[in-house]
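Okay, structure first, notes after.
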Amino acid sequence: MDIPDAVLEKNAADSFVMFGSSDTADVRYITGFTTADQIVYIRKRGERGVIIVSQMELSRALAEADCAVMTRAEAGLLDILKTEKDRWKALAAMIAGLSGSAVLVPAWFPVILARELERYGSVVVDRGTIEEMRAKKTQREIEYIKKVQAVTESAMDRAITLIRNSKARDGVLYLENSPLTSENVRAAIHAALLESGCIPSDTIVSCGSESGIPHARGSGPLREDEPIVIDIFPRDEYTGYYSDMSRTVCKGEPSRKIMEMYAAVLEAQTLASHTIRAGVTGADVHQAVVDLFSEKGYPTGKTGFVHNLGHGVGLDVHERPSVGPGGGELSVGNVITNEPGLYFPDLGGIRLEDIGAVTRTGFDCFTHFPKELIL
């Protein structure tokens with residue numbers, strides 16, 4: 001995968017340059033190579049992109065990378081370091097010798113390296129070309145995300161089974177003789193994910209008033225009759241792709257207000273799934289949900305519906321496109337979440353989140369896990 005020549009021409013650039021590890025999604029996407037080391041990527045106009053790696057990584061890079069490969073010695077860095085001891089100056093000299101006098105760099109490019117490169121010519125900041133490329137998934141990428149989603153659903157099932165099997169004592173949920181806590185459920189989710197080759201991060205299991213804070217991770221004993229929001233967004237350790245899903249459940253009898261909120265969120269999610277298709281803007285889909293909530297008496301802003309309806313998912317858990325007030329036109333191949341929610345600190349919160357692909361005629365939902373509030 002390479003930056004198109006047209007982008008370089010538009011920006012009057014000789015080359016596109018990146019410097020970082022594959023923890024940066026743009027680097028992994030363009031190079032196809034995974035490494036914790038920082039590498040240089042250079043794509044000269046009219047030529048194939050090349051990564052510059054250490055000698056240690058050469059054999060693996062030659063086998064795995066989707067671009068040409070060069071060692072630091074071959075790129076001249078070791079010779080440069082004989083006279084230039086400043087790391088950033090040396091890197092800039094190496095890059096300038098390979099890239100030409102006008103380079104295009106991503107917005108996250110190190111400022112210090114950009115300043116050193118300016119000694120050799122012009123440095124122009126790219127406005128999200130790779131992010132736009134990443135937003136349209138190939139069928140292979142879609143299959144990667146579907147695989148992670150299947151694992152996510154297994155982990156969600158393990159979590160909800162624990163809650164379902166719990167018993168209430170004085171308003172607190174117990175498993176056998178111990179309180180069932182957010183931490184217990186989160187640990188069970190993480191174990192399920194790790195067993196299937198996925199890496200968990202910041203999983204949410206929040207109950208009661210904590211569920212009224214959208215990204216509160218949750219802590220302490222889970223309680224009877226109160227909403228429990230579970231939000232799982234793991235990354236596949238091998239492919240690097242994420243999925244994302246949420247469910248809200250309650251062990252016992254939720255209040256009438258909570259049941260009404262749940263019904264409204266479920267209706268909003270159904271409306272959105274019927275509205276999503278290529279050519280519709282993310283802003284329009286979001287606004288349809290805002291309007292539905294307004295008709296039912298729920299505000300949008302500081303309480304009620306407080307976040308975007310959805311977001312893109314891929315090598316980052318939050319990426320383009322936006323399904324929110326500023327969201328542009330949706331395209332075939334976008335993989336997005338559909339996650340309406342309502343949040344009130346005094347009552348708690350409700351969130352339901354599915355993931356799927358935008359198609360020419362609709363929304364191909366990858367999430368098949370049931371939606372049931374009362375366990």
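The values are calculated or read from the model by the stated rules, or taken from the named source; none is laboratory data. Since the structure is predicted, the reported quantities are computational estimates derived from the model, not experimental observations. Here the Cβ is made from the backbone with ideal geometry for all residues, glycine too, and neighbour counts use every protein chain on show.
Could you list all residues from the stretch 42-57 that are touching a Cys at 6+ places or on another chain (Cβ under 7 Å) and part of a strand (DSSP E or B)?
Matches in the stretch 42-57: Val50, Ile51.
When you go through (1) in contact with a Ser or Thr (Cβ under 6 Å, 6 or more places away or on another chain); (2) at pLDDT below 95; (3) not polar (S, T, N, Q) one by one for Ile51, which number turns out not to apply?
It is condition (2) that Ile51 fails.
Does the stretch 84-121 hold any residues that are in contact with a helix residue (DSSP H, G or I) (Cβ under 6 Å, 6 or more places away or on another chain), charged (D, E, K, R) and not in a helix (DSSP H, G or I), and which are they?
Residue satisfying the conditions is Glu84 alone.
Kindly list the number of the only condition in (1) in the same structural domain as Glu84 (by TED's automatic domain parsing); (2) buried (at least 19 other Cβ atoms within 10 Å of the Cβ); (3) among the charged types (D, E, K, R) that fails for Arg119.
With respect to (1) in the same structural domain as Glu84 (by TED's automatic domain parsing); (2) buried (at least 19 other Cβ atoms within 10 Å of the Cβ); (3) among the charged types (D, E, K, R), Arg119 is out only on (2).
Starting from residues that are of a type in the set (S, T, N, Q) and surrounded by 15 or more Cβ atoms within 10 Å (Cβ to Cβ), keep the ones in the stretch 332-371 and report whichever is farthest from the chain's Cα centre (by Cα). Steps first, please.
Restricting attention to the stretch 332-371, the residues satisfying the condition of being of a type in the set (S, T, N, Q) are 334, 337-338, 359, 361, 367.
From what is left, the residues that are surrounded by 15 or more Cβ atoms within 10 Å (Cβ to Cβ) are 334, 337-338, 359, 367.
Numbers: Asn334: 13, Thr337: 10, Asn338: 13, Thr359: 20, Thr367: 16 Å.
For the stretch 332-371, the residue satisfying everything is Thr359.
Between a first residue in the stretch 40-58 that is assigned by TED's automatic domain parsing to the domain that holds Gly20 and within 17 Å of Ser101 (Cα to Cα) and a second residue that is among the basic types (Lys, Arg) and not in a strand (DSSP E or B), which pairs have beta carbons less than 9 Å apart while being 6 or more apart in sequence or on different chains?
Val40/Arg72
Does the stretch 290-313 contain any residue that is polar (S, T, N, Q) and under 30 Å from Thr24 (Cβ atoms)?
Start the filter on the stretch 290-313 by keeping residues that are polar (S, T, N, Q), which leaves 294, 300, 303, 308.
Okay, now just the ones that are also under 30 Å from Thr24 (Cβ atoms), so 308.
Within the stretch 290-313, one or more residues are polar (S, T, N, Q) and under 30 Å from Thr24 (Cβ atoms).
What's the number of the condition Phe344 fails, among (1) touching a His at 6+ places or on another chain (Cβ under 9 Å); (2) more than 17 Å from Ser246 (Cα to Cα)?
Evaluating Phe344 over (1) touching a His at 6+ places or on another chain (Cβ under 9 Å); (2) more than 17 Å from Ser246 (Cα to Cα) leaves (1) as the failure.
Can you report the number of residues in the stretch 125-149 which are exposed (fewer than 15 other Cβ atoms within 10 Å of the Cβ) and over 14 Å from Tyr29 (Cβ atoms)? Before the answer, list the steps.
First pass over the stretch 125-149, keeping only residues exposed (fewer than 15 other Cβ atoms within 10 Å of the Cβ): 125, 127-128, 132, 138-140, 143.
Subset that is over 14 Å from Tyr29 (Cβ atoms): 125, 127, 139, 143.
The number of residues fulfilling the criteria is 4.
Determine which member of the set Met70, Met1, Met18 is at pLDDT below 95 and not in a helix (DSSP H, G or I). Full working, then the answer.
Details: Met70 fails: at pLDDT below 95; Met18 fails: at pLDDT below 95.
The unique qualifying residue is Met1.
Mind telling me which of the residues Phe344, Phe293 ends up being closer than 25 Å to Lys251 by Cα, at pLDDT 95 or above and either in the same structural domain as Arg164 (by TED's automatic domain parsing) or aliphatic (A, V, I, L, M) (or both)?
Phe344
Determine which member of the set Ser243, Ser273 is touching a residue at least 24 places away in the same chain (Cβ under 8 Å), surrounded by 15 or more Cβ atoms within 10 Å (Cβ to Cβ), touching a helix residue (DSSP H, G or I) at 6+ places or on another chain (Cβ under 6 Å) and not acidic (Asp, Glu). It would help to see each step written out before you state the result.
Details: Ser273 fails: touching a helix residue (DSSP H, G or I) at 6+ places or on another chain (Cβ under 6 Å).
Unique residue meeting the criteria: Ser243.
Scan the stretch 96-104 and tell me whether some residue there is outside the structural domain of Tyr242 (by TED's automatic domain parsing) and either within 30 Å of Glu237 (Cα to Cα) or of a type in the set (Asp, Glu) (or both). Before you say what the answer is, go through the steps one by one.
Going residue by residue through the stretch 96-104, those that are outside the structural domain of Tyr242 (by TED's automatic domain parsing) are 96-104.
If we keep only those that are either within 30 Å of Glu237 (Cα to Cα) or of a type in the set (Asp, Glu) (or both) as well, we get none.
No, the stretch 96-104 contains no residue that is outside the structural domain of Tyr242 (by TED's automatic domain parsing) and either within 30 Å of Glu237 (Cα to Cα) or of a type in the set (Asp, Glu) (or both).
Among the numbered criteria (1) of a type in the set (Gly, Ala, Ser); (2) surrounded by 14 or more Cβ atoms within 10 Å (Cβ to Cβ); (3) modelled with pLDDT of 95 or more, which one does Gly100 miss?
(3)
Restricting to the stretch 297-312, and then to whatever is out of contact with any Phe, Trp or Tyr (no Cβ under 6 Å at 6 or more places or on another chain) and in contact (Cβ under 8 Å) with a residue 12 or more places away in the chain, can you tell me which residue is surrounded by the fewest Cβ atoms within 10 Å (Cβ to Cβ)? Write out each step before concluding.
Restricting attention to the stretch 297-312, the residues satisfying the condition of being out of contact with any Phe, Trp or Tyr (no Cβ under 6 Å at 6 or more places or on another chain) are 297-302, 307-312.
Subset that is in contact (Cβ under 8 Å) with a residue 12 or more places away in the chain: 298, 307-312.
Working: Tyr298: 20, His307: 16, Asn308: 21, Leu309: 29, Gly310: 29, His311: 23, Gly312: 25.
Among them, the one singled out is His307.
Does Leu315 meet the test of being under 25 Å from Arg140 (Cβ atoms), out of contact with any strand residue (DSSP E or B) (no Cβ under 7 Å at 6 or more places or on another chain) and either without any contact (Cβ under 8 Å) to a residue 60 or more places away in the chain or surrounded by 16 or more Cβ atoms within 10 Å (Cβ to Cβ) (or both)? Please lay out each step first, then the result.
Working: under 25 Å from Arg140 (Cβ atoms): yes; out of contact with any strand residue (DSSP E or B) (no Cβ under 7 Å at 6 or more places or on another chain): yes; either without any contact (Cβ under 8 Å) to a residue 60 or more places away in the chain or surrounded by 16 or more Cβ atoms within 10 Å (Cβ to Cβ) (or both): yes.
It is true that Leu315 is under 25 Å from Arg140 (Cβ atoms), out of contact with any strand residue (DSSP E or B) (no Cβ under 7 Å at 6 or more places or on another chain) and either without any contact (Cβ under 8 Å) to a residue 60 or more places away in the chain or surrounded by 16 or more Cβ atoms within 10 Å (Cβ to Cβ) (or both).
Looking only at the stretch 121-152, count every residue that is under 26 Å from Leu194 (Cβ atoms), of a type in the set (Asp, Glu) and touching a residue at least 24 places away in the same chain (Cβ under 8 Å) and tell me the total.
1
Any residue in the stretch 173-189 that is in contact (Cβ under 8 Å) with a residue 12 or more places away in the chain and closer than 21 Å to Phe366 by Cα?
Step one: list which residues in the stretch 173-189 are in contact (Cβ under 8 Å) with a residue 12 or more places away in the chain, which gives 173, 175, 179-186, 188-189.
This time we only want the ones that are closer than 21 Å to Phe366 by Cα, so: 189.
Looking through the stretch 173-189, at least one residue is in contact (Cβ under 8 Å) with a residue 12 or more places away in the chain and closer than 21 Å to Phe366 by Cα.
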